[in-house]
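The values are calculated or read from the model by the stated rules, or taken from the named source; none is laboratory data. As the structure is a computational prediction, the values presented were derived from the model and not from experiment. In this analysis, Cβ positions are derived from the backbone assuming ideal geometry, glycine residues included, and neighbour counts consider all displayed protein chains. Heavy atoms of the whole protein, side chains included, go into the accessibility calculation; ligands, DNA and RNA do not. Shrake-Rupley method; radii C 1.70, N 1.55, O 1.52, S 1.80 Å.
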Amino acid sequence: MKQKKLNKKILNHGDPNLTPEERNQVRLAELTCDLFVTSTNALTLDGKLVNIDGTGNRVNAMAFGPKKSVVYTGINKIVENVDDAIKRIKFIASPMNAKRLNFNTPCAKTGFCADCNSPQRICRIVTIIEKNPPLSDIEIVIIGESLGF
């Protein structure tokens with residue numbers, strides 16, 4: 001099968017070759033892209049997307065901006081309710097992400113949230129998307145295995 005070039009640009013603020021200024025420009029561009037692909041920190045049994053973010057670009061793009069957002073999640077991120085989602089994020093996802101990013105935070109060292117004041121704090125913004133926002137097209141894809149933090 002012949003592959004067709006679609007002349008699309010891929011935005012990746014995690015590219016290690018970007019300067020801090022370029023990284024922020026990419027984050028801003030992600031807010032108005034055609035397709036935003038992301039994951040969630042937790043998905044409740046009644047369909048709420050619960051996320052904690054350090055910068056806000058991911059959670060903002062999930063709520064408003066891109067023409068379409070696709071949120072992929074593994075079954076390990078499915079929890080009963082919002083309280084369980086917050087606990088999962090603070091005791092699993094955030095500490096593991098802080099450690100992965102080599103951040104100097106208490107949670108990266110201890111494995112659990114200490115409600116710190118570190119300049120590298122990864123937990124700054126909490127969002128709960130209860131229903132699809134009226135100007136956003138969000139699709140959730142549940143993958144039948146444990147994936148990510």
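What whole number of Å gives the distance from the Cα centroid of region 26-52 to the Cα centroid of region 9-23? With region 9-23 and region 26-52 each reduced to a Cα centre, they are spaced 18 Å.
Taken one residue at a time, the phi angles of region 68-79 give Karplus couplings (6.51, -1.76, 1.60, θ = phi - 60°) of 8, 10, 10, 10, 9, 8, x, 5, 5, 9, 8, 10 Hz. Gly and Pro are set to x.
Under 5 Å from the amide H of ASN41 lie the amide H atoms of VAL50, ILE52, each residue being 5 or more positions distant or on a separate chain, with H modelled from the backbone and absent for Pro and chain starts. If you plug the beta carbon distance of ASN7 and SER118 into 1/(1 + (r/R0)^6) with R0 = 35 Å, you get a FRET efficiency near 0.25. Extension gain for ASN104-LEU18 works out to 28.8 nm (0.36 nm per residue, less the C-alpha to C-alpha distance). Surface exposure of the chain, expressed per residue as accessible area with a 1.4 Å probe, stands at 65 Å². Note on region 26-125: Cα convex hull, mean projected area over all directions, 6.5 nm². Apolar share of the accessible surface for region 107-149: 56 percent from carbon plus sulfur atoms, 1.4 Å probe. Here is the list for region 70-148: trypsin sites (Lys or Arg not before Pro) lying in DSSP coil, each with at most 15 other C-beta atoms within 10 angstrom of its C-beta, are ARG124, LYS131.
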